[in-house]
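> The structure's right below; bear with me while I get my questions together.
The values are calculated or read from the model by the stated rules, or taken from the named source; none is laboratory data. These numbers were taken from a predicted model, which means no experiment stands behind them. Here the Cβ is made from the backbone with ideal geometry for all residues, glycine too, and neighbour counts use every protein chain on show. These accessible areas exclude ligands, DNA and RNA; they are computed on the full protein's heavy atoms, side chains included. Shrake-Rupley method; radii C 1.70, N 1.55, O 1.52, S 1.80 Å.
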Amino acid sequence: MSAHPQSGALHAVAIGPLRGVAEVPGDKSVSHRALILGALAVGETRITGLLEGEDVIDTGKAMRAFGAEVTRLGPGEWSVHGVGVGGFLEPSKAIDCGNSGTGVRLIMGAVATSPLTATFIGDASLSSRPMRRVTDPLALFGAVAHCRKGGVLPITLEGAENPQPVRYTTPVPSAQVKSAVLLAGLNAPGTTIVTEKEPTRDHTERMLAGFGAEISVEHGPDGNVITLKGQPELKPQTVEVPRDPSSAAFPVAAALLVEGSEVVVPGVSRNPTRAGFYTTLEEMGADITYSNVRDEGGEPVADVTVRYSRLRGVEVPSERAASMIDEYPILSALAACAEGPTIMRGVRELRFKESDRIDAMARGLEACGVNVEETEDTFTVYGRGAGGVSGDARVETRLDHRIAMSFLCLGLAARAPIVIDDAGPIATSFPSFLNLMRGLGATFA
Ligand code: S3P
């Protein structure tokens with residue numbers, strides 16, 4: 001891993017085949033949760049394969065600020081001495097969550113039922129993202145949030161003195177909102193029940209069960225009902241973080257785009273709540289195979305082998321959106337090279353990510369000579385197929401790591417180079433991206 005991830009403008013230039021093994025870093029969602037639950041357990045949790053991206057490091061610092069002992073033992077190997085449910089201390093300064101929506105929303109949940117006051121801040125991207133979706137349900141527990149106008153950071157959160165358990169239905173499909181409520185429910189007496197109409201990633205539920213919480217999930221026709229008994233004693237665990245399928249999506253996509261490529265990505269999470277991108281690739285005609293399917297740290301994983309493929313455009317149904325929500329930017333880059341249009345439905349939530357990802361991809365693709373159409377909730381990319389993407393464009397990445405990596409991958413297959421304005425945000429989720437891609441044969445200059 002590069003100690004100094006590159007920032008500033010970067011060109012991606014078309015190249016020969018990509019070949020080799022891409023060891024992508026640990027899963028970002030699992031890494032945040034391992035630190036937070038480790039901090040809430042009594043005793044020492046050991047984590048291996050932790051993603052050492054800026055987002056997760058910020059969560060580790062936050063757990064320290066609330067009283068946990070968080071120590072790096074080696075690359076990806078961390079120890080967390082937790083304070084127990086209800087044991088968080090009041091931090092002496094503001095908690096800076098950097099670029100991370102997951103970090104700030106989950107941590108606000110985890111501290112909302114402790115009698116302490118904490119102020120949360122973040123970068124320009126995070127400070128424009130909606131937080132009421134979390135502070136509203138946290139108010140039901142008795143927490144009080146003082147937000148900037150518009151329900152954005154900075155937020156000062158006064159945790160509930162006498163928390164009440166909550167029954168809550170998430171109004172948008174969001175694992176962050178679901179998780180914030182469950183983490184708040186940990187320190188409320190009685191039973192907290194969360195209903196989600198559309199299933200979202202379930203790492204919090206899996207990990208809470210692993211740490212010994214009493215939690216059950218009922219999968220019904222109207223969605224999932226998650227029931228959590230409050231005030232458990234969480235038992236420290238050894239957490240083996242699987243590799244991130246959302247990060248794997250970039251070398252996988254680059255291999256699909258560049259003629260003659262063959263890349264293996266070992267140990268990628270195959271959790272069904274994260275698998276929508278890979279299902280979509282198969283429908284597009286991607287040559288992709290899974291081997292050595294196994295279980296790591298309570299998550300199913302497999303080795304993924306992918307070869308260059310001529311892709312066709314597809315319609316991606318809205319029911320699939322939650323299971324591939326972070327992969328739409330790179331899917332849009334693939335769609336630009338596919339034969340025929342790709343229509344992505346039910347993607348409104350993309351407008352509330354690190355950037356408005358529909359707008360960011362649409363403007364960037366247009367600059368590269370690709371036609372697109374958008375509504376509030378649908379994004380269509382008219383694939384150039386054999387005609388190829390012209391490139392010769394400068395793209396704004398808007399403090400969004402996934403926009404940056406998507407256009408760098410597209411640039412490897414475009415007729416003329418694509419330049420992104422800032423590679424810096426890549427370090428939030430995938431600090432080794434540039435080195436890893438160069439190792440496969442990519443040219444970024
Ligand atoms: C995440 C949930 C998703 C996803 C984010 C990680 C999580 O956000 O986009 O990158 O770890 O819970 P939403 O809950 O806002 O959909």
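> Return the only residue of G346, G387, G391, G340 being open to solvent by 10 Å² or more (accessible area, probe 1.4 Å) and touching a Gly at 6+ places or on another chain (Cβ under 8 Å).
One residue alone meets the criteria, G340.
> Turning to a different aspect of this structure: Does E23 satisfy the condition of being open to solvent by 60 Å² or more (accessible area, probe 1.4 Å), modelled with pLDDT of 95 or more and closer than 22 Å to I325 by Cβ?
Taking the combined requirement at face value, the residue does not satisfy it.
> Does any residue of the stretch 359-382 turn out to be surrounded by fewer than 20 Cβ atoms within 10 Å (Cβ to Cβ) and within 16 Å of the ligand (Cβ to nearest atom)?
yes
> Within the stretch 182-198, does at least one residue satisfy the condition of being open to solvent by 40 Å² or more (accessible area, probe 1.4 Å), within 24 Å of K28 (Cα to Cα) and more than 15 Å from the ligand (Cβ to nearest atom)?
Scanning the stretch 182-198 turns up no residue that is open to solvent by 40 Å² or more (accessible area, probe 1.4 Å), within 24 Å of K28 (Cα to Cα) and more than 15 Å from the ligand (Cβ to nearest atom).
> In this structure, is L331 under 16 Å from the mean Cα position of the chain (by Cα) and buried (at least 20 other Cβ atoms within 10 Å of the Cβ)?
Criteria met by L331.
> Hey, any hits in the stretch 79-94 for a residue that's of a type in the set (S, T, N, Q) and open to solvent by 10 Å² or more (accessible area, probe 1.4 Å)?
Taking every residue of the stretch 79-94 in turn, at least one turns out to be of a type in the set (S, T, N, Q) and open to solvent by 10 Å² or more (accessible area, probe 1.4 Å).
> Moving on. Restricting attention to the stretch 400-439, report how many residues are surrounded by 23 or more Cβ atoms within 10 Å (Cβ to Cβ) and out of contact with any Pro (no Cβ under 9 Å at 6 or more places or on another chain).
Selection size over the stretch 400-439: 9.
> Would you call S114 open to solvent by less than 40 Å² (accessible area, probe 1.4 Å), touching a residue at least 12 places away in the same chain (Cβ under 8 Å), of a type outside the set (D, E, K, R) and in a strand (DSSP E or B)?
no
> Any residue in the stretch 226-240 that is touching a Phe, Trp or Tyr at 6+ places or on another chain (Cβ under 9 Å), among the charged types (D, E, K, R) and surrounded by fewer than 23 Cβ atoms within 10 Å (Cβ to Cβ)?
Yes.
> Taking only the stretch 43-89 into account, find how many residues are aromatic (F, W, Y) and in contact with a Gly (Cβ under 8 Å, 6 or more places away or on another chain).
2
> I'm trying to understand the selection: among the residues of the stretch 199-213, which are touching a Leu at 6+ places or on another chain (Cβ under 7 Å) and either closer than 19 Å to A139 by Cα or away from the ligand (no atom under 16 Å from the Cβ) (or both)?
Answer for the stretch 199-213, where residues must be touching a Leu at 6+ places or on another chain (Cβ under 7 Å) and either closer than 19 Å to A139 by Cα or away from the ligand (no atom under 16 Å from the Cβ) (or both): F211, G212, A213.
> Could you list, in sequence order, the residues of the stretch 404-445 that are outside any helix (DSSP H, G or I) and hydroxyl-bearing (S, T, Y)?
Result: S429, S432, T443.
> Working carefully through the options P171, P75, P130, find the one that is in contact with an Asp or Glu (Cβ under 8 Å, 6 or more places away or on another chain), surrounded by fewer than 19 Cβ atoms within 10 Å (Cβ to Cβ) and not β-branched (V, I, T).
Every option except P75 fails the conditions.
> Which numbered condition in (1) at positive phi; (2) within 16 Å of the ligand (Cβ to nearest atom) is the only one that D356 fails?
So the condition that D356 fails would be (1).
> Now, a different point. Tell me which residues, restricted to the stretch 298-325, are acidic (D, E) and assigned to a strand (DSSP E or B).
E299, D303, E315
> For L140, which of the numbered conditions (1) open to solvent by 10 Å² or more (accessible area, probe 1.4 Å); (2) more than 13 Å from the ligand (Cβ to nearest atom); (3) assigned to a loop (DSSP other than H, G, I, E, B) fails to hold?
Result: L140 passes all but (3).
> What are the pairs with Cβ atoms under 7 angstrom where one residue, in the stretch 180-208, is free of Cβ contacts under 8 Å to residues at least 60 places away in the same chain and outside the structural domain of A275 (by TED's automatic domain parsing) and the other, located anywhere, is in a helix (DSSP H, G or I) and not polar (S, T, N, Q)? Sequence gap at least six, or different chains.
T192/V181; T192/L182; T192/G185; V194/K178; V194/V181; V194/L182; E196/K178
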